[in-house]
1. Run the numbers for N69 and A81: contour at 0.36 nm per residue of separation, minus the present Cα-Cα distance, in nm.
2. Could you order peptides 82-89, 112-119 by the average number of other Cβ atoms within 10 Å of their residues, highest first?
3. What list of ³J(HN,Hα) values in whole Hz, one per residue of the range 134-142 in order, does the Karplus curve 6.51 cos²θ - 1.76 cosθ + 1.60 (θ = phi - 60°) give from phi, with Gly and Pro shown as x?
4. How far apart, in nanometres, would the label points at D141 and T125 be if each is projected 7 angstrom from Cα along the Cα-to-Cβ direction?
Amino acid sequence: MSGDEPAAKRAPEPSGVDLARVALRAAREQARARGDAAQQKKQARRGGGLRSGAGADGRDPLALGAAINRLLTERGWEAPAAVGGVMGRWPQIVGEDVAKHCVPERYDEEERALIVRCDSTAWATNLRLLAPTLVARLNEDLGHGTVRVIKVLGPGGPQRRYGPLRAPGSTGPGDTYG
C-alpha cells in the first residue's frame, strides 16, 4: 500500500490483546520446536527407543496406535476401518432426526456401498432422496470413491417362526413385508 491512501482503507495494525496473542502463539511454536528437537536428541542417545535385545528387530515393542495402523495397512483394512468410524459418527453426519430412523448396517467393500436400514418406508424414501448428498459428504471425510452408493433398505418383516403349528412351505405373514 502506498502512503497517500486514506487511513480508512488501510488494515488496522494489531495492538494490545492482539499483539499479546501473536506473541504467545510465536512463543508456543518456538517452545514446541525446541521440545521436538530435545525429544529427538534424547531418542538418538537412547538408540531409538525401547529395545528387545542387543539390536533393533521386528520384536521391538510398538505404541498401540502405531501397531494398529500397521495392522490396518498390512491387511488392507483402511477403507473398512474408516467407514466403521463413520458408522460411529452417523448422527453427526446425517443429523439427529435421520439417525433416529435410519441406521447403517454394513459396508460392502466390493461394491463400495454403504447399506442403511430405515424403520419405515417413508424414511427409506427420504434417505434415497438424500443419498447423493450423503455420498458426497462421506467421500469428503473418507477420500474420493470410498463410498459410491448408499443402498437403502426398508423395514424388515417379523421373523418367520417354524414350529408344530406352521404348515410346511407356508410363507405366513412374511409375504406382506418386503
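1. Length difference between fully extended and current span is 3.3 nm.
2. Most protected by this proxy first, the peptides run 112-119, 82-89.
3. My calculation for the range 134-142 gives 5, 4, 4, 5, 5, 6, 5, 6, 9 Hz in order.
4. Each label point lies 7 Å from its Cα, and together they span 2.7 nm.
We did not get these values from a lab; they are worked out from the coordinates using the rules stated. None of these values were measured; they are calculated from a predicted model. Note that each Cβ is placed from the backbone with ideal geometry, even for glycine, and that neighbours are counted across all protein chains shown.
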